[in-house]
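The values are calculated or read from the model by the stated rules, or taken from the named source; none is laboratory data. Just so we're clear, the structure is a prediction, and the values are computed from it rather than from any experiment. Cβ coordinates were reconstructed from backbone atoms using ideal geometry, including for glycine residues, and neighbour counts include every protein chain displayed.
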Amino acid sequence: MQYATTHDNVKLYYEETGSGTPILFVHEFASDHRGWEPQMREFGKRHRCIAYSARGYTPSDVPADPKAYSYLHVMRDCVAMLDHLGIERAHLVGLSMGGYTALQVALNHPGRVRSLVLAGTGSGFERDYVAEHHKSSRAVADLYEREGSTRVAETYGHGPSRIPFLIKDPRGFLEFQRRFGEHDAQGSANTMRGFQGARPSLLQFEDAIRKLTVPALIVVGDEDERCIESSLFLKNAIAAAGLVMFPKTGHVVNLEEPDLFNAVTADFLGRVEAGRWGARDPRSFAPDPSVPPWKRASR
């Protein structure tokens, strides 16, 4: 088994395949390194692909200290993985928690990022929902400690944004649920409190996000309501961002629609590597655009 060691001596398990320009896959809360298998198989034909399990997700270490699970710890882990592998710059592909983490790497270490694919990124984004998002995340952490991972997979794992996956691909959903139920309960509880239940809204980083020049592809399902506004925000805020919305699709876009996800990602990466994915041309903006929803509330 292969491990990278972080700045605070946490060992992170990873798998690697292929050769070429590197892609680092960063998973969501309900998944682990195994959730990127359809992408590892496809992009491993043309790229050096790495998927790892975050701290708190076995076979990676599960730190005992609850304070070791902040979004900054997780962001530094992503950079530590690049360091361990000797990768100066990589394409970062992240889903949900992984998308938030990839974006933080771009904000804090822009020289390490060739491009960003941010899928289902930014839940808890809206100003009037941040506190509720943090509260519900802490409640899930409590459930982990009371009843364990299997119970959370049966409840949280059947949340509204995951029902489209269940309906569309029951067999794939059952495999996803089985893996979700195998997670370490305390590691997941700590992640829910330290990362999901405490991370700032993307709006707190708006000024820095608007200064990003990295090419970005924003991917969201049209039935993943909690990530639609944040995806529109990221499209608007990142100068070289494109947005794609998958129809009749929920949160787990890379597993629910693997062929479609792979196709749009491959097209994006090809254009980036050809130098054909630039910032939006100012002539394409409407002369008097309406104020986006995230701008309406007072700061």
Quick one: which strands (runs of 3 or more DSSP E) lie wholly within region 1-54 and hold at least 1 residues that are modelled with pLDDT of 95 or more and of a type in the set (Asp, Glu)?
-> 11-17
If you go through Ser201, Ser161, the only one that is in contact with a strand residue (DSSP E or B) (Cβ under 9 Å, 6 or more places away or on another chain) and surrounded by 14 or more Cβ atoms within 10 Å (Cβ to Cβ) is Ser161
Region 25-69, residues that are touching a residue at least 60 places away in the same chain (Cβ under 8 Å), of a type in the set (A, V, I, L, M) and in contact with a Ser or Thr (Cβ under 7 Å, 6 or more places away or on another chain) | Val26, Ala54
Among the helices (runs of 4 or more DSSP H) confined wholly to region 185-256, which include 1 or more residues that are within 30 Å of Val62 (Cα to Cα)?
-> 185-191, 225-237, 253-256
Is there a residue in region 90-102 that is farther than 27 Å from Arg276 by Cα, crowded, with 20+ Cβ neighbours inside 10 Å and modelled with pLDDT of 95 or more?
-> yes
Given (1) small (Gly, Ala, Ser); (2) in contact with a helix residue (DSSP H, G or I) (Cβ under 9 Å, 6 or more places away or on another chain); (3) buried (at least 16 other Cβ atoms within 10 Å of the Cβ), where does Ala80 come up short, assuming only one miss?
-> (2)
Condition set surrounded by fewer than 17 Cβ atoms within 10 Å (Cβ to Cβ) and of a type in the set (Gly, Ala, Ser), scope region 110-135, selection nearest to Asp267 (Cα to Cα): answer is Gly111
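Kindly indicate the residue of region 258-299 that is of a type in the set (Lys, Arg) and surrounded by fewer than 16 Cβ atoms within 10 Å (Cβ to Cβ) and also modelled with the highest pLDDT among those meeting that condition.
Filtering first and then ranking leaves Arg276.
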Test set (1) farther than 24 Å from Gly157 by Cα; (2) under 12 Å from the mean Cα position of the chain (by Cα) - Ser19 fails condition number | (2)
Going by the conditions given, is Glu145 surrounded by fewer than 22 Cβ atoms within 10 Å (Cβ to Cβ) and part of a loop (DSSP other than H, G, I, E, B)?
-> no
Please identify the pairs in which a residue from region 75-96 that is under 19 Å from Gln2 (Cα atoms) has its Cβ atom under 9 Å from the Cβ atom of a residue that is in a helix (DSSP H, G or I) and among the hydroxyl-bearing types (Ser, Thr, Tyr), counting only partners at least 6 apart or on another chain.
-> Asp77/Thr101; Cys78/Thr101
Looking only at region 139-191, which residues are touching a residue at least 60 places away in the same chain (Cβ under 8 Å), touching a Lys or Arg at 6+ places or on another chain (Cβ under 7 Å) and not small (Gly, Ala, Ser)?
-> Pro164, Arg179
Only one residue in Arg55, Arg48, Arg41 is surrounded by fewer than 18 Cβ atoms within 10 Å (Cβ to Cβ) and of a type outside the set (Ser, Thr, Tyr). Which one?
-> Arg41
Single match in Ala241, Ala286 (criterion: at negative phi and more than 18 Å from the chain's Cα centre (by Cα)) = Ala286
How many of the residues making up region 106-135 are in a helix (DSSP H, G or I), small (Gly, Ala, Ser) and within 19 Å of the chain's Cα centre (by Cα)?
-> 1
Kindly establish whether Thr150 is more than 19 Å from the chain's Cα centre (by Cα) and either crowded, with 23+ Cβ neighbours inside 10 Å or assigned to a helix (DSSP H, G or I) (or both).
-> yes
